[in-house]
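Enquirer: Can you keep this structure in mind? I'll have questions shortly.
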Amino acid sequence: MKSLRARLFISFTALLAAALMMFGVIVWLVAREAMTNDMDDFLRGKAMLLSRLMPAERLRVEPWMEQDLQVQERQFGVQVFDVNGTPGGKSSTLAIEVPLTDKVRRSEHPAGGVILETLVIGGKNYRVATHPRRDRWGEPVVMYAQAVISFDALQARQARLLAWLVSCGTAMLAAGAAASWYLSRQWLRSVSSLEEAARGLSSSELGLRRLFAPSDDAELAALANSFNHLLDRLEAAYKTQQRFTADASHELRTPLTVLRGEIEVALRRPRSAEEYREVLVSNKEEIERLSRLTENMLALAHVDVGDAITQRELVNVSELCAGVTARLQNLATERQITLHHEDTTDEPLSVNGDRIALERVMTNLVENAVRYSPGGESVTVRICKSPPCIEIQVIDTGGGIAPEHLPHLFERFYRVDKARSRANGGSGLGLSIVKALVEAHGGGVSVMSEVGHGSTFTVRLPAA
């Protein structure tokens, strides 16, 4: 697998090479066309100048004509023909015999326009410009003036241009490749430093170290900030895990310590059947508490991995709350609590969710309200419609909850009154499970409480 630096280098170099090649081809085609046009214009001008300098009665190229035409300097040749096409004089620079073609003879331009041709003579290409001279408009041709140049000069110029383009393009490609390698190395050096810093982080340093975000590099700063946000979330999750592990260990240790102590005391001396029965009853209560704790921890584990909802179905909220209320009536009667539920509408209210999970939500809320309310109080389960949601309120007239506890009620293992919670068999996980299961259904849970006036827990679920 190629490194990022290699991929950047190859991509930039290939892109630069393609751009340079395209630019070179365009320059080459335009320059070649311009060179050909310049050569044609040059020959056309020389042929017309020769026809003006040459007297029709004496067809001879004089030395002074060659000087005026600059045949030596420009490396081309000239010659003249009489009206019959018989060669007359030619310049000293023209060593070949250039014929007068039929195309030129048939020219009928009234002003004697210049005819351009490419002729192959002796295996070489020549560009020929011929001017049929007419003394007056429309009169017969009196002579032919011709300018000839070899394509060797044009090809030499084109070869020099091509060599220049190739050499300059190669130099620019090499310079661009070197620059891309250097720049990618400089940029990735910062990435490497970030990678080394990230690799050096340990779990004990999550709350102490963060990656440096350079102010002069927006992309790297964004990368570092994103990674730092990830570290913040990891730190929070790590602390939550540590706290959960410590709290779970403490909660498990307490009933196990009680079990061990009671068993050790019972085994110190022989006891009666009634005494052993009392120990077993106490052990059974502690085992039941351990069972509830492990069930709650297992429920939270399912929520954490996204398995809170196993099967969705249409659940009638009124029927579900009525069933929970009926099931907990015995507990309420035992604790001298009046428990009832109210429907504020005759319309059937349903949600799309997991019936077992929703029963657990309502059971936890109602059971908490019953267990932690003093005798003689009441607990009401009220159901109402609040489009687009359904609201379920669990209202108790107990002692209420102090304001400083409200923000932490749904945290795991949090208890308002630790001694009273343990006496009632609570572990501080019930409300955490409620919050997790309700949010898994796309809803929310909130609490309002006033000391001395009771509490109201409100569950909002999307209506089906």
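The values are calculated or read from the model by the stated rules, or taken from the named source; none is laboratory data. Since we're looking at a predicted model, the values are computed, not measured. Note that we place each Cβ from the backbone using ideal geometry, even for glycine, and neighbour counts take in every protein chain shown. Just so you know, the surface numbers come from the protein's heavy atoms only, side chains and all, with ligands and any DNA or RNA stripped out. Shrake-Rupley method; radii C 1.70, N 1.55, O 1.52, S 1.80 Å.
Enquirer: Among ARG360, ARG355, which is in contact with a strand residue (DSSP E or B) (Cβ under 9 Å, 6 or more places away or on another chain), under 15 Å from VAL438 (Cα atoms) and open to solvent by 70 Å² or more (accessible area, probe 1.4 Å)?
Expert: ARG355
Enquirer: Any residue in the range 440-458 that is closer than 19 Å to HIS405 by Cα sitting within a Cβ distance under 9 Å of a residue that is open to solvent by less than 60 Å² (accessible area, probe 1.4 Å) and acidic (Asp, Glu)? List the pairs, counting only those 6 or more apart or interchain.
Expert: Hits for this filter: GLY454/GLU377; GLY454/ASP396; SER455/ASP396; THR456/ASP396; PHE457/ASP396; THR458/GLU391.
Enquirer: While we're looking at this one, here's another question. Which number in (1) touching a Lys or Arg at 6+ places or on another chain (Cβ under 9 Å); (2) modelled with pLDDT of 70 or more; (3) open to solvent by less than 50 Å² (accessible area, probe 1.4 Å) marks the one condition that SER282 misses?
Expert: (1)
Enquirer: Need the failing condition index for LEU208 against (1) farther than 30 Å from SER3 by Cβ; (2) part of a helix (DSSP H, G or I); (3) at pLDDT below 90, just the number.
Expert: (2)
Enquirer: Look through the range 1-13, keep the residues that are surrounded by 11 or more Cβ atoms within 10 Å (Cβ to Cβ) and hydrophobic (A, V, I, L, M, F, W, C), and return whichever of them is farthest from LEU69 (Cα to Cα).
Expert: Filtering first and then ranking leaves LEU4.
Enquirer: Please state which one of GLU235, GLU251 is open to solvent by less than 70 Å² (accessible area, probe 1.4 Å), at pLDDT 70 or above, in contact with a Leu (Cβ under 7 Å, 6 or more places away or on another chain) and acidic (Asp, Glu).
Expert: None of the others qualify; the one that does is GLU235.
Enquirer: Please specify each residue of the range 49-62 satisfying the condition of being outside any loop (DSSP other than H, G, I, E, B) and open to solvent by 90 Å² or more (accessible area, probe 1.4 Å).
Expert: ARG52
Enquirer: Inside the range 363-385, can you point out the residues that are in contact with a strand residue (DSSP E or B) (Cβ under 6 Å, 6 or more places away or on another chain) and either in contact (Cβ under 8 Å) with a residue 60 or more places away in the chain or not hydrophobic (A, V, I, L, M, F, W, C) (or both)?
Expert: Correct list: LEU365, ALA369, SER373, SER378, THR380, VAL381, ARG382, ILE383.
Enquirer: Kindly indicate whether any position in the range 313-333 is surrounded by 14 or more Cβ atoms within 10 Å (Cβ to Cβ), without any contact (Cβ under 8 Å) to a residue 24 or more places away in the chain and not in a helix (DSSP H, G or I).
Expert: Looking through the range 313-333, none of the residues is surrounded by 14 or more Cβ atoms within 10 Å (Cβ to Cβ), without any contact (Cβ under 8 Å) to a residue 24 or more places away in the chain and not in a helix (DSSP H, G or I).
Enquirer: So for the range 73-96 (the condition being in a strand (DSSP E or B), charged (D, E, K, R) and exposed (fewer than 14 other Cβ atoms within 10 Å of the Cβ)), does at least one residue qualify? Quick ask: steps written out before the conclusion?
Expert: Within the range 73-96, the subset in a strand (DSSP E or B) is 77-82, 87-90.
Those left that are additionally charged (D, E, K, R): 82, 90.
Adding the requirement that they be exposed (fewer than 14 other Cβ atoms within 10 Å of the Cβ) leaves none.
There is no residue in the range 73-96 that is in a strand (DSSP E or B), charged (D, E, K, R) and exposed (fewer than 14 other Cβ atoms within 10 Å of the Cβ).
Enquirer: Scanning for something within 22 Å of ASN37 (Cα to Cα), in contact with a helix residue (DSSP H, G or I) (Cβ under 8 Å, 6 or more places away or on another chain) and either β-branched (Val, Ile, Thr) or open to solvent by 80 Å² or more (accessible area, probe 1.4 Å) (or both), does the range 100-116 turn up at least one residue?
Expert: Scanning the range 100-116 turns up at least one residue that is within 22 Å of ASN37 (Cα to Cα), in contact with a helix residue (DSSP H, G or I) (Cβ under 8 Å, 6 or more places away or on another chain) and either β-branched (Val, Ile, Thr) or open to solvent by 80 Å² or more (accessible area, probe 1.4 Å) (or both).
Enquirer: Okay, moving on. Would it be correct to say that THR345 is open to solvent by 10 Å² or more (accessible area, probe 1.4 Å), assigned to a strand (DSSP E or B) and not small (Gly, Ala, Ser)?
Expert: No.
Enquirer: Hey, another quick one. In the range 363-393, how many are farther than 22 Å from LEU314 by Cα, outside any helix (DSSP H, G or I) and open to solvent by less than 40 Å² (accessible area, probe 1.4 Å)?
Expert: 4
Enquirer: Would it be correct to say that GLN155 is crowded, with 17+ Cβ neighbours inside 10 Å and either among the charged types (D, E, K, R) or under 30 Å from VAL30 (Cα atoms) (or both)?
Expert: Spelling it out, it is not the case that GLN155 is crowded, with 17+ Cβ neighbours inside 10 Å and either among the charged types (D, E, K, R) or under 30 Å from VAL30 (Cα atoms) (or both).
Enquirer: Now, a different point. On the basis of being of a type outside the set (Gly, Ala, Ser) and assigned to a helix (DSSP H, G or I), does ARG133 make the cut?
Expert: no
Enquirer: With (1) over 40 Å from the mean Cα position of the chain (by Cα); (2) modelled with pLDDT of 85 or more as the list, and VAL166 as the residue in question, which single condition is left unmet?
Expert: Tallying (1) over 40 Å from the mean Cα position of the chain (by Cα); (2) modelled with pLDDT of 85 or more, VAL166 fails exactly one: (1).
Enquirer: Quick one: in the range 25-48, which of the residues that are open to solvent by 30 Å² or more (accessible area, probe 1.4 Å) and acidic (Asp, Glu) is nearest to VAL61 (Cα to Cα)?
Expert: The residue in question is ASP41.
Enquirer: Within the range 117-124, can one find any residue that is surrounded by 15 or more Cβ atoms within 10 Å (Cβ to Cβ) and not charged (D, E, K, R)?
Expert: No, because not a single residue in the range 117-124 is surrounded by 15 or more Cβ atoms within 10 Å (Cβ to Cβ) and not charged (D, E, K, R).
Enquirer: Within the range 125-147, take every residue that is modelled with pLDDT under 80 and open to solvent by 80 Å² or more (accessible area, probe 1.4 Å) and give me the one that is farthest from LYS90 (Cα to Cα).
Expert: Only one residue tops the list, namely TRP137.
Enquirer: Now a separate question. Could you please let me know if ALA299 is in a helix (DSSP H, G or I), at pLDDT 80 or above and either of a type in the set (A, V, I, L, M, F, W, C) or open to solvent by less than 60 Å² (accessible area, probe 1.4 Å) (or both)? Give the steps one after another, and end with the answer.
Expert: Working: in a helix (DSSP H, G or I): yes; at pLDDT 80 or above: no; either of a type in the set (A, V, I, L, M, F, W, C) or open to solvent by less than 60 Å² (accessible area, probe 1.4 Å) (or both): yes.
For ALA299, the condition - in a helix (DSSP H, G or I), at pLDDT 80 or above and either of a type in the set (A, V, I, L, M, F, W, C) or open to solvent by less than 60 Å² (accessible area, probe 1.4 Å) (or both) - is not met.
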